[in-house]
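Below is one structure, written out as structure tokens, with a few remarks after it.
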Amino acid sequence: MRNFFWLAPLMLIGAVAAIAATPADSIRTRVAGYRALGAAFKSTNDLVRAGNFASPGLRQVAGQISAASRGQYGWYRVGSGPRSRLKTAARAEIWTRGAEFRAAQDAFARQAAAFERIAASGNEAAIRSGVRQLGASCKGCHDNFRLADD
């Protein structure tokens, strides 16, 4: 228990930083998080296409995707949407249809956790299916809560 006392100040600093963040900070955090998530998803697809189903790299990127799925809940502070007049791909529906958005986030987080378990199995068929299901859960948010790319 003594070894975890150093966590309390770090947790407090993180909580204060999250509260004090400006809309621009929130958008930057969100963009960085999704860029990292996209890179991990690309690596996943590359490893699967190459047939590396039992690779430690696949387990690593599956863990990164799962971690991002848990982190995403803090990326949408009130005021960091289109009304901020800052550049963002986040649609206003994230805040006006909050329950639906939260359900989509939850679906992605569940699928990411499931994929992390599947990736650890090394089972080719399960991994291929898991990647498709993970992609579909990403698409659900993109279709409803993200502006289309130009």
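The values are calculated or read from the model by the stated rules, or taken from the named source; none is laboratory data. Quick caveat: nothing in here was measured; it's all calculated off a predicted structure. Positions of Cβ are generated from backbone atoms using ideal geometry, with glycine treated the same way; all protein chains shown enter the neighbour counts.
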> Where in segment 65-150 are there helices (runs of 4 or more DSSP H), lying wholly inside it, with at least 3 residues that are closer than 26 Å to Asn52 by Cβ, touching a helix residue (DSSP H, G or I) at 6+ places or on another chain (Cβ under 6 Å) and not hydroxyl-bearing (Ser, Thr, Tyr)?
Replying inline: 98-121, 124-145
> For Arg97, are the conditions met, namely being touching a strand residue (DSSP E or B) at 6+ places or on another chain (Cβ under 7 Å), more than 19 Å from Phe41 (Cβ to Cβ) and basic (Lys, Arg)?
Replying inline: no
> Do we find that Pro82 is surrounded by fewer than 20 Cβ atoms within 10 Å (Cβ to Cβ) and under 30 Å from Ser121 (Cα atoms) in this structure?
Replying inline: no
>> For Arg30, only one of the following conditions fails: (1) at pLDDT 95 or above; (2) closer than 17 Å to Phe108 by Cα; (3) among the basic types (Lys, Arg). What is its number?
In response: (1)
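With the structure loaded, tell me whether Ala126 is surrounded by 15 or more Cβ atoms within 10 Å (Cβ to Cβ), closer than 14 Å to Ser69 by Cβ and more than 13 Å from the chain's Cα centre (by Cα) or whether it fails that test.
no
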> Would you pick out the residues in segment 52-64 that are assigned to a helix (DSSP H, G or I) and either modelled with pLDDT under 95 or farther than 14 Å from Ala32 by Cβ (or both)?
Replying inline: Pro56, Gly57, Leu58, Arg59, Gln60, Val61, Ala62, Gly63
>> Which condition from (1) touching an Asp or Glu at 6+ places or on another chain (Cβ under 7 Å); (2) crowded, with 19+ Cβ neighbours inside 10 Å is the one that Ala68 breaks?
In response: (1)
>> Residues that are free of Cβ contacts under 8 Å to residues at least 24 places away in the same chain and aromatic (Phe, Trp, Tyr): does segment 73-94 have at least one?
In response: no
> Taking segment 74-108 only, how many residues are among the aromatic types (Phe, Trp, Tyr) and touching an Asp or Glu at 6+ places or on another chain (Cβ under 9 Å)?
Replying inline: 1
> What pairs come up if the first residue lies in segment 124-150 and is over 15 Å from Ala114 (Cα atoms) and of a type in the set (D, E, K, R), the second is loosely packed, with under 14 Cβ neighbours inside 10 Å and at pLDDT below 90, and their beta carbons are under 8 Å apart, counting only those six or more places apart or on different chains?
Replying inline: none
